Amino acid sequence: MTASATNGPAPPAAPADPATLLRSRQYLRLLVIAAVLGVPISAVAYWFLVLTSALGDWLYRGLPRWLELDPVPVWWPLPLLGVAGLLVGLLVQFVPGRGGESPLDGFHPGGGPPAPLPLLGIALAAVVSLGFGAVVGPEAPLIAIGGGLAAATVRLTRRPVPEQTLAVVAAAGSFAAISALLGSPLSGAFLLMEAVGIGGPMLRPILLPGLLASGIGTLVFIGLDAWTGHGLFSLALPDLPAFDRPDVAQFGWALVIGVAAAVLVTVVRRIAVPLRTLVERRTLVTVPLIGLSVAGLAIGYAQATGHDVTDVLFSGQAGLSVLVSGAAGYSVGALLLLLLCKSLAYAGSLVAFRGGPTFPAIFLGAAGGIALSHLPGLPLIPAIAMGMGAACAAMLQLPLTSVLIATILLGADGLAVMPLVIVAVTVSYVTSARLAPRPATPEAGAGARRSTPDATAPVPAPRQTVAERDGGGSSSR
């Protein structure tokens, strides 16, 4: 990945003696910097989420009322997503950094935080994608925004800064930006830690500034919510019924859900691969067409089921709680059609728009779990938990993060369902790896580097790019 990557800084090089580092005055100074930067960066992240949420509400509700279109016409999403595709296409084509990395590439470390101009392109492409209803989440652009702002602030001092220090400060900015997004500061911290692959004796010294910035960022989100009333923008599932304990039948369902989630995500990726080739060749034509197709899928779903187009559109961050709380109002047929339409819209959005891959995967997992809960031996709560964890693991290839997100979202039921989630996530993770194309042999590497990469594979391990895992080739750039 380049310096314009949406996934934040590369893991810093580790000094030889962590204990000496922890006792040093320079490390205390680093903690202070992380704490101080956590406040404004988390505030920027909060208002970014306010902006994208308000833009979506205005485009799909306020603007039709202002135009005196009552009720809102069936065709209304078509011009919005067509315009969104054109705007994102222009940003990808002409702005340095191409609006950030494709969500299809997932999370992996890159060459450093984005420079100011590419960072602006990342923010603009994300605002358009999220606000106009593309099926992507806000986590990847927020990671880039947090890391980029933190690094830019340090550079403003015009003092020589070691690359390792800059990388840790940028990572702390990314921690702060997504601190409250995934239900808990720990979820975002695990996501970044597992994606970057931090481990060994340097885990604590490198992770501590990020955890500090994440905790402070969460407090800033809570304070801004209390002050403005706009909400926490944290993934949550309130008012769930109590779940006692799992049984043998539910462990059997964990195997089924793990395999099903891996197959679903693999299908999404296999649909996305040829679309990415077309997008790279003719961006200004294909991205608006994909936007129109996403709108068409949402319209078809709404007309067939009577549910809202927003079930298919947007990331699912706000729609997840609506879906779960209203699960009784969805027939099995409506849920299966939702899975079909949202998966196709997700595949198109992964290659055409800019954002993160996490929230739509979680939403699809929850929808699939609700559908399966109509079968014998599978209560609603464990079905939702296993579906969310398994789908998230198949898409992100981050099993620890997936288990943590799914259990934290379940609140008081989280500990009870955790064994089931662990089994489902493990099965999904292994199955998705087995469904991925085999890495090219060294002898085939030269020829593979001249071909278009096959990104149907799950998001690779942090120390590999998608192209490297699939045998070489150019990235989405």
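Looking at the range 46-125 from every direction and averaging, what is the projected area of its Cα convex hull in nm²?
6.9
I need the Debye-formula profile for the range 52-97: one equal scatterer per C-alpha, no solvent, reported as log10 I(q)/I(0) at q = 0.32 1/Å, two decimals.
-1.11
Which one, Val36, Pro382, Phe48, is farthest towards the positive end of the dipole of the chain when Lys and Arg carry +1 and Asp and Glu -1 on their Cβ?
The Cα lying farthest towards the positive end belongs to Val36.
Can you work out ³J(HN,Hα) from phi for every residue in the range 296-302, in order, using Karplus 6.51 cos²θ - 1.76 cosθ + 1.60 and θ = phi - 60°, giving whole Hz and x for Gly and Pro?
x, 4, 5, 5, x, 4, 5
Under the rule of at least 5 residues apart or a separate chain, name every residue whose amide H is placed under 5 Å from the amide H of Gly356.
For Gly356, the qualifying residues are Gly137, Glu139, Ala140.
Which whole-number percent of Cα pairs in the chain have a distance greater than 31 Å?
Value for the chain (Cα pairs over 31 Å): 40 percent.
Please state, to two decimals, what the Cα-based radius of gyration of the range 130-237 comes to when divided by 2.2 N^0.38 Å (N = residues).
For the range 130-237, the normalised Cα radius of gyration comes out at 1.13.
Could you tell me whether the range 84-179 comes out rounded, prolate or oblate from its Cα gyration tensor? Rule is a ≥ b ≥ c as square roots of the eigenvalues, rounded for a/c under 1.5, then prolate if a/b exceeds b/c, otherwise oblate.
prolate
How big is the dipole moment of the chain about its Cα centre under a simple scheme where the beta carbon of each Lys and Arg is +1, that of each Asp and Glu is -1, and everything else is neutral? Debye, nearest 20, please.
The dipole of the chain has a size of about 1280 debye.
Loop only by DSSP, 16 or fewer other Cβ within 10 Å of the Cβ. Give me the trypsin sites (Lys or Arg not before Pro) in the range 257-356 that pass, ordered by residue number.
Here the sparse-neighbourhood loop sites are Arg282.
Using alpha carbons only, how many angstrom separate the centre of the range 364-381 from the centre of the range 39-91?
The distance from the Cα centre of the range 364-381 to that of the range 39-91 comes to 32 Å.
Let a ≥ b ≥ c be the square roots of the eigenvalues of the Cα gyration tensor of the range 342-408; is it rounded (a/c under 1.5), or, if not, prolate (a/b larger than b/c) or oblate?
Taking the square roots of the gyration eigenvalues as a ≥ b ≥ c, the range 342-408 is oblate.
Answer with one residue from Leu400, Leu336, Val273: the one whose Cα lies farthest towards the positive end of the charge dipole of the chain, charges on Cβ with Lys, Arg +1 and Asp, Glu -1.
The one lying farthest along the dipole's positive direction is Val273.
Pop out the ³J(HN,Hα) list for the range 260-276 in order, Karplus 6.51 cos²θ - 1.76 cosθ + 1.60 with θ = phi - 60°, rounded to Hz; leave Gly and Pro as x.
Per-residue couplings from phi come out as 4, 5, 5, 5, 4, 5, 5, 4, 4, 5, 5, 6, 6, 4, x, 5, 5 Hz.
Can you list the trypsin sites (Lys or Arg not before Pro) in the range 86-192 that are in a DSSP coil and have 11 or fewer other beta carbons within 10 angstrom?
In loop regions of the range 86-192 (DSSP not H, G, I, E or B), the sparsely surrounded trypsin sites (Lys or Arg not before Pro) are Arg158.
Could you list which residues have their amide H under 5 Å from that of Gly112, counting only those 5 or more apart in sequence or on another chain, with H placed in the peptide plane?
Those qualifying (amide H under 5 Å, at least 5 residues apart or on another chain) are Ala10.
At each listed q (0.17 Å⁻¹), what is the log10 of I(q)/I(0) that the Debye formula gives for the range 170-326 modelled as equal alpha-carbon point scatterers?
So the normalised log intensities are -1.28.
Please work out the Cα center distance from the range 330-359 to the range 113-190, rounded to the nearest Å.
Going from one Cα centre to the other spans 25 Å.
Please give the charge dipole size of the range 34-137, origin at the Cα centre, charges +1 on K and R Cβ atoms and -1 on D and E Cβ atoms. Round to the nearest 20 debye.
Here the size comes out at about 100 debye.
With only Lys, Arg, Asp and Glu charged, each at its Cβ (+1 for the first two, -1 for the last two), find how big the charge dipole of the range 214-301 is about the Cα centre; round to the nearest 20 debye.
Dipole size: approximately 640 debye.
Laboratory data are not the source of any read-out in this text; all were calculated from the coordinates shown. Nothing here was measured: the structure is a model prediction, and the numbers come from that model. Note that we place each Cβ from the backbone using ideal geometry, even for glycine, and neighbour counts take in every protein chain shown.
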